[in-house]
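Engineer: I have a structure I would like to understand better, so I am pasting it below and will then ask my questions one at a time.
The values are calculated or read from the model by the stated rules, or taken from the named source; none is laboratory data. Predicted model only: the values in this text are computed from it and were never measured. FYI the Cβ positions are ideal-geometry reconstructions off the backbone, even for glycines, and counts take in every protein chain you see.
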Amino acid sequence: MSIIISHVVALSNNNVIGVDNKLPWNLKTDLKHFKNYTTDKILLMGRKTFESIGKPLPNRINYVVSTTMSEIEGAEVFKSTQDALDAANKKCANDSNYNEIVIIGGGYLFRDTLGITNKLVLTNVDCDIDGDVFYPDINLNDWQERNSENFSKDAENDYDFTVKVLERI
Ligand SMILES: NC(=O)c1ccc[n+]([C@@H]2O[C@H](COP(=O)([O-])OP(=O)(O)OC[C@H]3O[C@@H](n4cnc5c(N)ncnc54)[C@H](OP(=O)(O)O)[C@@H]3O)[C@@H](O)[C@H]2O)c1
């Protein structure tokens, strides 16, 4: 089976994904979706995203890309995105429980890997906001929408949002 390399990301209408090393919103339902989608998969993340989450995510393989950290309990650290991808591909080749590498951010990792992804799981958050980390522009001609689900703002979710699954054409 061919390996899926995906991005899972929540972005505003103006492509903001982060501010002050945090998420710019509270979207409890989207966090549940993130947990469901990523559980039992291999996750790749940048050092700042790891720090912003604060701990390795349970029931997932956590690979962190960093040149400044050498060891993290419960995660593996790689000096480059390519090293992390190589290790993740090897894990998928050797263990049939794994066939998807999920890149979960942040801006550096998303920019580095957009060209090699074959699936995007986007949470389009219906707001225009200030931020300091952005998701790159995607060319919609390269992607086909496979699924889309709308969620409404409520007491636990700051904005309306839509979760979309796109596959590379
Ligand atoms: N909305 C979302 O879905 C979402 C998802 C994830 C994160 N975020 C937000 O995004 C922000 C963090 O993103 P960010 O772009 O600032 O940082 P990031 O991509 O999470 O981490 C950047 C760090 O990762 C390491 N790194 C990245 N690319 C590397 C490479 N090619 N080679 C070696 N090391 C590399 C470096 O660590 P060293 O400095 O240690 O070398 C770099 O400083 C936060 O605000 C977070 O909340 C949002």
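Engineer: State the number of residues belonging to the range 95-126 that are away from the ligand (no atom under 12 Å from the Cβ) and either in a loop (DSSP other than H, G, I, E, B) or in contact with a helix residue (DSSP H, G or I) (Cβ under 9 Å, 6 or more places away or on another chain) (or both). Can you show your working first?
Structural biologist: Going through the range 95-126, the residues away from the ligand (no atom under 12 Å from the Cβ) turn out to be 95-101, 114-119, 126.
Remaining after also requiring either in a loop (DSSP other than H, G, I, E, B) or in contact with a helix residue (DSSP H, G or I) (Cβ under 9 Å, 6 or more places away or on another chain) (or both): 95-101, 116-118, 126.
Total meeting the criteria: 11.
Engineer: Follow-up question, since we're still on this one. Does PRO56 fit the bill of being part of a loop (DSSP other than H, G, I, E, B), touching a Gly at 6+ places or on another chain (Cβ under 6 Å) and modelled with pLDDT of 95 or more? Steps first, answer last, please.
Structural biologist: Working: part of a loop (DSSP other than H, G, I, E, B): yes; touching a Gly at 6+ places or on another chain (Cβ under 6 Å): yes; modelled with pLDDT of 95 or more: yes.
Considered against the rule, which asks whether it is part of a loop (DSSP other than H, G, I, E, B), touching a Gly at 6+ places or on another chain (Cβ under 6 Å) and modelled with pLDDT of 95 or more, PRO56 comes out as yes.
Engineer: For ILE4, which of the numbered conditions (1) surrounded by 15 or more Cβ atoms within 10 Å (Cβ to Cβ); (2) within 14 Å of the ligand (Cβ to nearest atom); (3) not acidic (Asp, Glu) fails to hold?
Structural biologist: (2)
Engineer: Test ASP154 against the criterion of being closer than 16 Å to ILE61 by Cβ, among the charged types (D, E, K, R) and exposed (fewer than 14 other Cβ atoms within 10 Å of the Cβ), and give yes or no.
Structural biologist: When the stated conditions are applied, ASP154 does not pass them.
Quick grid of which residues meet (1) under 20 Å from PRO136 (Cα atoms); (2) among the β-branched types (Val, Ile, Thr):
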position: LYS28; (1), (2): no, no
position: LEU31; (1), (2): no, no
position: LYS41; (1), (2): no, no
position: LYS48; (1), (2): yes, no
position: VAL65; (1), (2): yes, yes
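Engineer: Taking the range 8-43, which residues are assigned to a helix (DSSP H, G or I) and either near the ligand (Cβ under 10 Å from one of its atoms) or under 24 Å from ALA75 (Cβ atoms) (or both)?
Structural biologist: ASP30, LEU31, LYS32, HIS33, PHE34, LYS35, ASN36, TYR37, THR38
Engineer: Now a separate question. List pairs: first in the range 65-78 and more than 18 Å from VAL102 (Cβ to Cβ), second part of a loop (DSSP other than H, G, I, E, B) and among the hydrophobic types (A, V, I, L, M, F, W, C), Cβ under 9 Å, 6+ apart or cross-chain?
Structural biologist: none
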